[in-house]
Structure formats: C-alpha cells, structure tokens
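Here's the structure, in structure tokens; my notes come after.
The values are calculated or read from the model by the stated rules, or taken from the named source; none is laboratory data. Worth saying up front: this structure is predicted, and the values here are computed from it rather than measured. In this analysis, Cβ positions are derived from the backbone assuming ideal geometry, glycine residues included, and neighbour counts consider all displayed protein chains.
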Amino acid sequence: MAITEFLLFVLTTTLGGMFLCGANDLITIFISTECFSLCFYLLYNEATTKYLLMGGASSSILIHGFSWLYGSSGGEINLQEIVNGLINTQMYNSPEISIALIFINVGIGFKLSPSPSHQWTPDVYEGVRCFSFSHSNFPYSFLFLIKRMTSPSGNPSYS
C-alpha cells in the first residue's frame, strides 16, 4: 500500500472520529462508525475477511438496535428528541427500550472489542502497523459521545 493511500485512510478515520464526537442523531452515529470500519478493512491486510465479517455482524446488530429505538420513540432520530419523547410517553422503562439498548451495546461492544467480544481481535490485529492508531482513536470517540450524551446539561448543539 502506498503512503498516500495509507494517509488517506488514516485521515478518513480521523474524520469519522470527529463526526462521532459531534453526533446528534442516530444516522450520524452509524455513518461515522462505518467510516471508521470501512477504512480499517482496507488498512488491515492480515485478516481482512474476518474483520469484515465481524464488522458486518456488529453493524447489523447496531442498526437493529437503532431501529428498535427509532420505532419506540415515535420516529425520532435526534438523540435529544428521542430522550424527550421517551420521557413524555413514559416508555423509558419499557421492554422495547431495554431490547434496543442491549442491541446497541452489543453492536458497539463488537466494534470496540471489550471482554466478552474480544476473541476475534488477536487474529485481526496481528502484525498490523496501524493498530495503535485504531485503538487510540475509536474508543475515545465513543467515550466522548457517551460523556456528551449523559452530561447534566443535556446535549449541547454547536452553531
């Protein structure tokens, strides 16, 4: 792989991380995580097929959780509108929301590869030169998104 292609993919993943940190709706969250994943499919030469299969499975689980959340909230995609709609209709303790959050957590868990879903990561990351970049940028972007979503001041919007 030429250095220009490598830098293009690294910059695209950085752009995906920046979009993820500033995400206000479900579509932006999904597109930015896929921006991360698609570039890493091309950067990981060793076990691209295994990473592609696991990434596709985790993306489908994540989008299934988003669809449960979208349906339960009455068709809202903005995160603050989803929270307001669930509080107004008192559906925040419903089983549908629990199922949606389980699917979303499992999908993000496979993307981040924490303890229960980490069996496939040693094969994928063996001998990869951009491993440190992928595991320094991706989890911190998700942590920033979670911190922003759970802050007491709500979801700040930038104008």
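Check region 44-60 and report whether any residue there is within 22 Å of residue 144 (Cβ to Cβ) and of a type in the set (Ser, Thr, Tyr). Checking region 44-60: at least one residue is within 22 Å of residue 144 (Cβ to Cβ) and of a type in the set (Ser, Thr, Tyr). At least 2 residues being touching a Cys at 6+ places or on another chain (Cβ under 6 Å), buried (at least 20 other Cβ atoms within 10 Å of the Cβ) and at pLDDT 85 or above is the threshold, and among the helices (runs of 4 or more DSSP H) wholly inside region 1-95 not one reaches it.
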